[in-house]
Amino acid sequence: MPPLARCDVRNLVRKLGADARPSQQRAALATIAGLSTACDGDRDSLRVIGAAGAIPPLVLLLGPGSSDPVHTCASAALANLAYAAENAAIVAAAGAIPPLVLMLGPGSSAVIQKNAAAALGNLAMNAESSVIIAAAGAIPPLVQLLGRGSAAEVQQQAAGAHWSLADIPENQVAIATAGGIPPLVQLLGSLPRNAAGALLRLAMNADNRVAIAVAGAVPPLVRLLGAGSPAPFQQNAAVALGNLAQNADNAVTIAAAGAIPALQAVDDAEHQQVPVPYTDVGFDDIAKEFFVLGWIGFGGPQAHIGLFQRRLVQAKRWMSDDLFLELFALGGALPGPTSTEVSFAMGAVKKGVLGGLLSGILFQYPGALIMSCLGIGSAYLLKDPPAWLLGCVAGVSAVGVALVASAAKGLLYKIVGGKERDESNFLLALTVASAAAAFYWTTNPWIFPILLVLGGVVTAFANRSKDMTMKGHDAENEKIAHLGISRTGGAIMMVVWVALLVSVIFLVHHLDYDHRRDANALDWFEVFFRTGSLVHGGGQAVLPMLLSDIVKTKCDYSVVPAACVDDLETSWLTTTQFYTGLGLAQAMPGPLFNFSAYLGAIIAINAGYSAFIGIACAWFGLFSPGIILMFACLPFWAKFRQWQAYRRALPGITCASTGLILASVFRMGLDVFGMSAFPKATLCIGLAAFIAVDAYCLFEGAVVVGGIALGYLGYIAHLT
């Protein structure tokens, strides 16, 4: 974007205020409108302008007190800014929709009508905003703008707005009721892309299919399939005809119009086209992104997955949502920490083993470093966490739950997007059932892999007659070129993992010394490596296994309740040290498995060894099984994911993965509510954080810092 926007946009925003001179205000407005236009779809540059606070004053300038030139510039700027999803949420929340709807009326100039329709079309790409726009009465005037009396550029933006609005079933009915179908059919000749886009979504409604065919849409749609049409026009026409053909009478009409040969030609052409790839990621991109994620990755594995999905999949387009969810499902099916395995896998998919090591290490090291230092200090000084720290933990934990909730909402929209109502309802029911099972059997470490298998079986059976072979865009655009190692190498890594696991268990059980009182590095490594190899379900599932192995207690069962104290002769650390570290670990960035660095430091110091020996044994012991298995499985998975049987099972696997995240929202919310010293205030912090990250799309790190600050204020104010 132009250098001025980077350096001076905040100064320009200040000149938009009501206290600025009219001449300054007009000049600043014109400059911002020009900058937003010059961005030319560059979402990162548009976000810079939005983050500088330009949107609220621009919305105020849409009011009735402003002149037509001001309305023109303000609406143009908002139309451009709303192209970035983060900005669109801010535009809607700032109250821009009602005045934009008023600008669609006959009293506005054609330029203002065009800008207002463009802004509403961009805003309507968000499902919630689409509902609000329809409720504000936008559909009737937008239909009027499709008529012959409107300028071509106004018709184009109005048709584009209908395309966005028609993604919601209720809006499909409202547009048809307002008479939107005939003019859209008429525009197939002059504005084929937007008109066909709107009609393909309107044709998802059974009643609309008949009305669209009656309006004469079939012949012009078939003409758009011709070899002379651009590929986007052909694709929209093909999808529209496919939706219309779900009506038996329409299918006959479409076939009689000669659509079948043309559709086959379009399908063949799509197979021959080289698709536009997702973002080409280099080592510097991996380093930059995961360095930041390592320091802001608060909230546990589901929050980490949400961060990856929001920053790298949605914003940066490293890969598709489907591919990302497959990586998540694979990580969840393997032993070890899911978010850690996904962090390594994302780098490996883009740049091979070195990319995977770079992404994974950068994501882990901040939490591991901090927990190592805290472990060393705790071995000597820290016995009980102070009350102020518990307040900060409550605040940051509430933010973690909010991040998970935002991720769950986005993935739920992804599951139902673009599908028929019956299929959407079926997949939603499967997702909710998976969430209920995951919540009810939350302590069962095998529940996640079981749900993945069951979900896959259900949709594999439901889709048994469908052809779901990967082809076209999916087969080429999502082809994984950097798997890191060959299948032979992957098989060798699996053998190494099994051999290492068997060897350390054998040695510990056959070497002749007291493995509790005289424990050494081998004993520590065996406990953590065995636990990391067998545990499923992430950090929370590993806690009871570790506690039983490294803390031993003596209990007097002659009294009720039983009185238990630490057995200091056989315990490697105390119960107090364990739970103090657990509280600290949940306030740290990165996976909960970094708790192992804290434990390793204390265990080694208590045994008279260097803390770094214990940290190495515990941290590498707990993490390495999952990482080895993820790298070992990737080359087999890349081939496996193309099998049609797997493609049929994939929707169910995706539902199970999303159900786990949905269940974690409730489970984590209850846990955070229960552990907080001020539960009501903690709930309010979580709600505010959800609005901040989901509605306003604020930077996650800033929201985390805000959560810590609010938690500390809750402690100071003695809130409940």
Index of the failed condition, Ala231 passing every other in (1) more than 32 Å from the chain's Cα centre (by Cα); (2) surrounded by fewer than 23 Cβ atoms within 10 Å (Cβ to Cβ); (3) over 20 Å from Met125 (Cα atoms): (1)
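Any idea which of Asp422, Asp467 is modelled with pLDDT under 80, open to solvent by 20 Å² or more (accessible area, probe 1.4 Å), part of a helix (DSSP H, G or I) and closer than 30 Å to Gly242 by Cα? Outline the logic, then answer.
Values: Asp467 fails: part of a helix (DSSP H, G or I).
Result: Asp422 is the single residue among Asp422, Asp467 that is modelled with pLDDT under 80, open to solvent by 20 Å² or more (accessible area, probe 1.4 Å), part of a helix (DSSP H, G or I) and closer than 30 Å to Gly242 by Cα.
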Selected residue [more than 26 Å from Ala521 (Cα to Cα), assigned to a helix (DSSP H, G or I), out of contact with any His (no Cβ under 7 Å at 6 or more places or on another chain) and of a type in the set (A, V, I, L, M)] from Ala656, Ala616: Ala656
Candidates Ala118, Ala135, Ala110 - the one that is open to solvent by 30 Å² or more (accessible area, probe 1.4 Å), over 26 Å from the mean Cα position of the chain (by Cα) and in contact (Cβ under 8 Å) with a residue 40 or more places away in the chain: Ala110
Those residues of region 161-196 which are more than 18 Å from Pro220 (Cα to Cα), open to solvent by less than 20 Å² (accessible area, probe 1.4 Å) and part of a helix (DSSP H, G or I), in sequence order: Ala161, His162, Ser164, Leu165, Asn171, Gln172, Ile175
Selection within region 63-88 - surrounded by 23 or more Cβ atoms within 10 Å (Cβ to Cβ), of a type in the set (Gly, Ala, Ser) and over 13 Å from Ala116 (Cα atoms): Ala84, Ala88
Asp40 being farther than 30 Å from Gly149 by Cα, among the charged types (D, E, K, R), open to solvent by 40 Å² or more (accessible area, probe 1.4 Å) and modelled with pLDDT under 80: no
Set Leu584, Leu592: member being at pLDDT below 85, in contact with a Phe, Trp or Tyr (Cβ under 9 Å, 6 or more places away or on another chain) and open to solvent by less than 50 Å² (accessible area, probe 1.4 Å): Leu584
Pairs where the first residue, in region 279-299, is closer than 19 Å to Thr338 by Cα and outside any helix (DSSP H, G or I) and the second is open to solvent by less than 60 Å² (accessible area, probe 1.4 Å) and among the β-branched types (Val, Ile, Thr), C-beta under 8 Å, 6+ apart: Phe298/Val396; Phe298/Val399; Phe298/Val704; Gly299/Val396; Gly299/Val399; Gly299/Val401; Gly299/Val404
Residues of region 595-626 satisfying the condition of being closer than 20 Å to Thr340 by Cβ, out of contact with any Phe, Trp or Tyr (no Cβ under 6 Å at 6 or more places or on another chain) and open to solvent by 10 Å² or more (accessible area, probe 1.4 Å): Ile615, Ala616, Trp619, Phe620, Ser624
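For region 197-226, give me each residue that is over 20 Å from Ala178 (Cα atoms), in a helix (DSSP H, G or I) and touching a helix residue (DSSP H, G or I) at 6+ places or on another chain (Cβ under 6 Å). Before you say what the answer is, go through the steps one by one.
Step one: filter region 197-226 for residues over 20 Å from Ala178 (Cα atoms), giving 218-226.
Cutting the leftovers down to in a helix (DSSP H, G or I) gives us 218-224.
Across region 197-226, the qualifying residues are Val218, Leu221, Val222, Leu224.
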Matching entry among Ala166, Ala176, Ala161 (being over 16 Å from Glu128 (Cα atoms) and among the aliphatic types (A, V, I, L, M)): Ala176
Index of the failed condition, Glu569 passing every other in (1) open to solvent by less than 40 Å² (accessible area, probe 1.4 Å); (2) at pLDDT below 75; (3) not in a helix (DSSP H, G or I): (1)
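Which one of Ala85, Ala135 is of a type outside the set (S, T, N, Q) and at pLDDT 85 or above? Explain how you work it out, then say what you get.
Working: Ala85 fails: at pLDDT 85 or above.
After ruling out the rest, the residue left standing is Ala135.
Residue check: is Leu293 within 18 Å of Met630 (Cβ to Cβ), in contact with a Leu (Cβ under 8 Å, 6 or more places away or on another chain) and either modelled with pLDDT of 75 or more or not acidic (Asp, Glu) (or both)?
Working: within 18 Å of Met630 (Cβ to Cβ): yes; in contact with a Leu (Cβ under 8 Å, 6 or more places away or on another chain): yes; either modelled with pLDDT of 75 or more or not acidic (Asp, Glu) (or both): yes.
Judged against the criteria, Leu293 is a match.
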Top-ranked residue in region 654-676 [being over 29 Å from Phe426 (Cβ atoms), of a type in the set (A, V, I, L, M, F, W, C) and modelled with pLDDT under 75; ranked as most open to solvent (accessible area, probe 1.4 Å)]: Met675
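The values are calculated or read from the model by the stated rules, or taken from the named source; none is laboratory data. Since the model is a prediction, treat every value here as computed from it, not as a measurement. FYI the Cβ positions are ideal-geometry reconstructions off the backbone, even for glycines, and counts take in every protein chain you see. In case anyone asks, the SASA skips ligands and DNA or RNA and just uses the protein heavy atoms, side chains included. Shrake-Rupley method; radii C 1.70, N 1.55, O 1.52, S 1.80 Å.
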